[in-house]
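What follows is a single structure, written as structure tokens, with notes after it.
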Amino acid sequence: MIRPLLLGALALALTGQPSAIAQDAPPVEAVNKAIDLGVEYLIGMQEADGSWGSDHAYFPGDTSGGETALILAALLHSGLKWEHQAIQRGVTYVRQTPPTKYYGACTRLLMEEILLARQDEDHIEAATELILDGAGRGYWDYPGDQLDLSNTQYALLGLWLAHKAGVKIPDKVYEKTMKVCMQYQLPDGGWAYFGPLDGGGAPNTAQSANEYPATASMTTAGMATVLFCFDALSEKKSNIKKYQSDVDESMAAGHAWLDQHMTYDENVQVGGERRNQTDVWYYYFLYNIERLSTIADLETLAGKNWYNAGAAELIKRQMRSGGWSSGPSPSTTDTAFALLFLNKATNNTRSGEGADRQPTFLAVEEGKEVDVDLRILPGVGCYGFVAGFGASVRERYAVDGKFGMHIETVKYFVDGELYKQFDYDVTRSAANERFTCPLELEPGRRQISVEVTAAPAPANRGDEISAERIKLKSAAFTLNVDWTMTEEQSLAMDEVGKSLAVGNPPEVSVSSEIPFNNPNEAKGGVSLYIGDRAVDGSMAYGWVAGEEDTQPWIRMVWGKGLKVQTVVLTPARRLPVNSNMRASNEFAAPKKVILKINGKETEHELGPDPRQRIELPKVTSIKTLEIRIIETHPTEGKFTGTGFAEVELLAAEKKKKKR
């Protein structure tokens, strides 16, 4: 965090005006509900291998785990625990795939930071080394592209997170990045995406302002980057004196730009000939606001309470699916940014306390009369308890019409079957007993209820309890138990990264494919539904044959045979199986296929679910594998093709040596 001795010098530069416009805080209940819905949406979008697919240009066609790490960071900051199956499966996937780009390296560090005691030091070091390898010019880029502020802010954030985790980062990296970032600040105080150099190596701010004008997202990014650098450098008092004046001047100019132009309902662009689709980056912009405001210890930004204004916009913009997006369909990336904002994720890093969000209990709506007020805390460590009894029940049966009940038994039911029974001494008042019951539930939808057997309180204290018994029932709650790992999920997690086809990429040919190119292809994205995607190690993308292809096939050829025991086929889908959304255009899951291994054909029937296993009669050295689809399952929407998200080739399990 910015240290106390810096606050006085930076206060005027960063507040911009003596008093901020009041902004009503959205109700805590509304914020918690938005977070819960966002979490539910993201969990439903997880693939069977633990990954999430990228639907944004930050991670174009990403199979290296960058998008998955970002989402895991958002889920962990939202309160999900390590024991949640989605977290364990996702972390396993990320750690099995090496970082290849700066965005993904940073998001890995975001994920590891919030894992606290479960951090992987080797993973942190690998991500940090990748970022440091690109630090020579002060700004970072996509490989082979111009230096840009977006890559730079995430690279620098990654280094700051690594620094907080104890990794040594040379001061010269922070110094150069801070200097270059301030050099690229435009004359009006804002920042643009690019900061191109002229022939003499000096910033060409005129060209930058013309082709890539200042935007609110880049201005907040530039300010945050300077302050993250200054925060790290200020651990040495000599650096404070050396750079504070320049930092204050830069921040004052940046904040003046924000005061004049920034709003919370759009990512404003000022001037320039080129419109940069600023609406696409709206949620990215909100996360920039959170980081800048936190590192600068700001309550207000651009004249408003930054959290209240941003949270109000997020609550208003949340989609029915629970996700967020600037487009017509929810985006996993935008949803992750929204959750990081709502949870004040950077503050958790500063404090070192991790996510501190209060749990949300399931309960009957406020004001509704019930006999037994059952509350349930869903998620890892799920439990239920009786918060109390209805007013009419207390009036009739409690001591003096309002105090403790005389309870004989409390029965918890799961799906109509007795789960656990508690027996009590009916002669004694239960007083404030909560009858708490830990609930270890199987995955799927589960219905929970409670039945209490009670005796009326005696008319006079000291009288014997009568033989009369009353049955009191709670409302029934339905839970979607998605935090417990299924056997299929456990097996998939164990086999992540073990496909022989990933480490030994084949030459792939197909009967047809959908040439759907990622719009950011120039920056490292590739086609999402071509043949090579069936053996890329991620189920988020795959090979899909064109809908006019009546006999689709995919063929893989290796120069050296792979010794395979099991072929695992996952059908291509537009959405994961557990998603709460329904696609109007659906890929059909293969139902019958012919496997042609080294020229020998066998026919197999497949179910529609992920990871359909075909056990070979014996370990086979495969040099050529052709899979021909001869029949498909019905689709839920319009048929738009068929294919495989992933073709996994697994070796035989090694037998453990007897001791």
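Residues whose amide H falls under 5 Å from that of Ala475, counting only those 5 or more places apart or on a different chain, are Val372, Leu374, with hydrogens built in the peptide plane. Largest first, the three principal axis extents of the alpha carbons in the stretch 374-494 are 64, 22, 21 Å in whole numbers. Per residue, the solvent-accessible area of the stretch 70-159 (1.4 Å probe, heavy atoms of protein chains only, all protein chains present) comes to 32 Å². Within the same chain, aspartates and glutamates fewer than 8 places from Lys591 are excluded, and of the rest, those with a Cα less than 14 Å from its Cα are Glu603, Glu605, Asp609, Glu631. Measure up Lys164/Lys304; Lys164/Lys498; Lys498/Lys560; Lys33/Lys473 against 23 Å on the Cα-Cα distance and list the ones that go over. The answer is Lys164/Lys304; Lys164/Lys498; Lys33/Lys473.
Would the stretch 306-350 count as rounded, prolate or oblate if I go by the C-alpha gyration tensor, calling it rounded below 1.5 in a/c and otherwise prolate when a/b exceeds b/c, oblate otherwise? Verdict is oblate for the stretch 306-350. A simple count of charges around Thr566, restricted to other residues whose Cβ falls under 14 Å of its Cβ and scoring Lys, Arg +1 and Asp, Glu -1, yields 0. With R₀ set to 60 Å, the beta-carbon distance separating Val399 from Glu40 gives a calculated FRET efficiency near 0.90. Of Ser499, Ser245, the order by accessible heavy-atom surface (1.4 Å probe, DNA, RNA and ligands excluded), from most exposed downward, is Ser245, Ser499.
Extension gain, Asp133 to Asp279, is 49.3 nm, computed as 0.36 nm per intervening residue step minus the present C-alpha separation. Taking θ as phi - 60° and the Karplus parameters 6.51, -1.76 and 1.60, the scalar couplings of the stretch 597-607 work out to 9, 6, x, 9, 9, 9, 9, 9, 10, 10, x Hz in sequence order, x denoting glycine and proline.
When Thr550, Thr570 are compared by accessible area of protein heavy atoms, the largest-first order is Thr550, Thr570, using a 1.4 Å probe. When His84, His633 are compared by accessible area at a 1.4 angstrom probe, the order from most to least is His633, His84.
Shape summary: the stretch 215-277 maps onto an equivalent ellipsoid whose semi-axes, from the alpha-carbon gyration tensor, are 28, 11, 10 Å in decreasing order.
Taking the stretch 363-380 and a reference point 7 angstrom along Cα→Cβ of Ser392, the backbone N atoms nearer than 13 Å belong to 368-372. Modelled spin labels at Lys368 and Lys81, positioned 7 Å past Cα toward Cβ, are 2.7 nm from each other.
Each Lys or Arg adds one and each Asp or Glu takes one away; over the other residues whose Cβ falls under 14 Å from the Cβ of Val481, this sums to -4.
Each peptide in 537-545, 421-429, 376-384 receives the mean, over its residues, of other Cβ atoms within 10 Å, and ordering these scores from highest gives 537-545, 376-384, 421-429. Derived scalar couplings between HN and Hα for the stretch 429-443 equal 5, 6, 6, 9, 4, 9, 6, 5, 9, x, 10, 9, 10, 6, x Hz in order, rounded to whole Hz, by the Karplus curve 6.51 cos²θ - 1.76 cosθ + 1.60 (θ = phi - 60°), x for Gly and Pro. Excluding same-chain neighbours fewer than eight residues apart, the lysines reachable from Lys471 by a Cα-Cα span under 16 Å are Lys411. Seen from Lys591, the other residues with C-beta closer than 15 Å to its C-beta sum to a net charge of -3, counting Lys and Arg as +1 and Asp and Glu as -1.
Here each label is just a point 7 Å from Cα along the line to Cβ, and for Val28 and Thr486 those points are 3.6 nm apart. Using bins of 10 Å that start at zero, the share of Cα-Cα pairs per bin across the stretch 436-482 amounts to 21, 33, 22, 16, 9, in whole %. Between the amide H of Ala214 and those of Val270, distances stay under 5 Å, these residues lying 5 or more places away or on another chain, with hydrogens modeled in the peptide plane. Annotation: extensible slack from Ala459 through Leu377 equals 25.9 nm (criterion: 0.36 nm per residue apart, minus Cα-Cα distance). Taking the average, over residues, of other Cβ atoms within 10 Å as the packing measure, peptides 307-313, 183-189 rank 307-313, 183-189 from highest down. FRET efficiency for the Ile594 to Lys563 pair, using the beta carbon distance and R₀ = 22 Å, is estimated at 0.50. The Stokes-Einstein estimate for the stretch 590-657, based on a Kirkwood radius over Cα pairs and taken at 37 °C with 0.692 mPa s viscosity, is a diffusion coefficient of 237 µm²/s.
For a paramagnetic label modelled at 7 Å from the Cα of Arg434 toward its Cβ, which residues of the stretch 387-422 fall within the zone defined by backbone nitrogen distances under 16 Å? Residues 387-389 qualify, since their backbone N sits under 16 Å from the label point.
A Förster radius of 35 Å combined with the Cβ-Cβ distance from Asp415 to His633 puts the calculated FRET efficiency at roughly 0.75. The H on the amide N of Lys81, modeled in the peptide plane, is under 5 Å from the matching H of Val380, each at least 5 residues off or on a different chain.
The values are calculated or read from the model by the stated rules, or taken from the named source; none is laboratory data. Every value quoted in this text rests on a predicted model; they were computed, and no experiment measured them. Cβ atoms come from the backbone with ideal geometry, glycine included; neighbour counts cover every protein chain shown. We work out accessible area using only protein heavy atoms, side chains counted, and drop any ligands, DNA or RNA first. Shrake-Rupley method; radii C 1.70, N 1.55, O 1.52, S 1.80 Å.
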